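Q: Below: one structure in structure tokens.
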Amino acid sequence: MTPLHQRRFTPRCWRAPALILLFVAFLGGCNTSAIYQDHLYNPPVYWGSHVVKKGETLYGIAWRYGRDYRELGDANGLEPPWTIHPGQVLRLDKKGSVRRTASVSSSRPKSTTSRRTETRQSSREPVTSHTPVASDIDWQWPHGGTVIAGFSTSGKVNKGIDIAGNAGDPVKVAAKGSVVYAGNGLLGYGNLIIVNHSEHYLSAYAHNRKILVQEGEDVKAGQVIAELGSTGTDKPMLHFEIRKNGNPVNPSRYLPRR
């Protein structure tokens with residue numbers, strides 16, 4: 001028998017993948033990509049840090065970790081227009097506050113996007129999933145295809161809805177706003193567009209074959225912003241999300257019946 005002092009012990013906690021992920025992330029000073037690729041894990045993330053890469057925006061980083069961009073910016077001492085730089089370290093273990101602003105901030109120092117106010121209804125959402133949520137934003141369907149996967153917060157988490165389509169189909173913006181992210185830096189989303197609609201709402205359009213707009217561009221409701229594709233997935237589809245104050249909400253509750 002091997003003497004006790006020569007035995008090699010492996011702490012049991014290291015055998016748990018989730019704890020190993022946590023341990024490695026803290027050692028590395030930033031979160032690993034698995035934290036936002038895991039369909040069974042639903043942010044927000046309030047631990048670790050993120051090192052800004054070239055082309056990243058605060059909007060995209062906040063989206064990745066399930067945070068409100070204003071709250072994450074405040075936690076790191078940032079102010080509108082939320083300018084960040086490659087190599088900058090954003091702390092995720094700090095929680096900021098959200099200050100109401102007089103206008104919607106975009107990725108540009110000056111934005112023509114007007115501010116929309118939140119309706120009284122926001123504090124009392126309907127019980128039935130078929131009843132649309134009242135909103136001061138006139139939402140439109142971004143694509144006319146069949147919904148092949150609905151919003152889900154349990155099991156295999158889906159933070160939006162998946163809409164079937166053919167490669168090259170036009171993808172339309174669901175409401176007027178300003179493009180705050182256009183790129184492919186968020187793993188699992190492929191070519192992604194994020195649009196800021198108001199102080200409270202953002203929407204996202206993922207898996208595009210081609211992006212037709214640029215960051216900072218103002219867009220009108222129904223404007224074609226991309227070509228449907230299969231980047232980041234195994235078949236052509238549009239993954240569409242709406243986030244309210246940084247939190248994923250069910251798009252079907254906001255979109256009109258069809």
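The values are calculated or read from the model by the stated rules, or taken from the named source; none is laboratory data. Bear in mind that the values here come from a model prediction, so they are computed numbers and not experimental data. Positions of Cβ are generated from backbone atoms using ideal geometry, with glycine treated the same way; all protein chains shown enter the neighbour counts.
Q: Considering 70, 64, 120, which residue is out of contact with any Pro (no Cβ under 7 Å at 6 or more places or on another chain), among the basic types (Lys, Arg) and either surrounded by fewer than 12 Cβ atoms within 10 Å (Cβ to Cβ) or at pLDDT below 50 (or both)?
A: Checking each option against the conditions leaves just 120.
Q: If residue 107 satisfies every condition in (1) at pLDDT 85 or above; (2) more than 14 Å from the chain's Cα centre (by Cα); (3) part of a loop (DSSP other than H, G, I, E, B) but one, which is the exception?
A: That leaves (1) as the condition not met.
Q: So, one more: Sort out which residues of the range 150-165 are assigned to a strand (DSSP E or B) and out of contact with any Gly (no Cβ under 9 Å at 6 or more places or on another chain), and write them in order of number.
A: Across the range 150-165, the qualifying residue is only 152.
Q: What residue, among those in the range 228-256 that are of a type in the set (D, E, K, R) and buried (at least 17 other Cβ atoms within 10 Å of the Cβ), is farthest from residue 151 (Cα to Cα)?
A: Among them, the one singled out is 244.
Q: Restricting attention to the range 181-199, and to residues there that are in a loop (DSSP other than H, G, I, E, B) and crowded, with 21+ Cβ neighbours inside 10 Å, which single residue is farthest from the chain's Cα centre (by Cα)?
A: Per the criteria, the residue is 197.
Q: Quick check on this structure: which one of 212, 228, 192 is of a type in the set (A, V, I, L, M) and within 29 Å of residue 71 (Cβ to Cβ)?
A: The conditions single out 192.
Q: Given 173, 133, which one is in contact with a Phe, Trp or Tyr (Cβ under 8 Å, 6 or more places away or on another chain), closer than 23 Å to residue 245 by Cβ, without any contact (Cβ under 8 Å) to a residue 60 or more places away in the chain and of a type in the set (Val, Ile, Thr)?
A: 173
Q: In this structure, is residue 168 at positive phi, outside any strand (DSSP E or B) and modelled with pLDDT of 95 or more?
A: The answer is yes for residue 168.
Q: Also, I was wondering about something else. Looking at (1) in contact with a Pro (Cβ under 7 Å, 6 or more places away or on another chain); (2) surrounded by 16 or more Cβ atoms within 10 Å (Cβ to Cβ), can you tell me which one residue 158 breaks?
A: Evaluating residue 158 over (1) in contact with a Pro (Cβ under 7 Å, 6 or more places away or on another chain); (2) surrounded by 16 or more Cβ atoms within 10 Å (Cβ to Cβ) leaves (1) as the failure.
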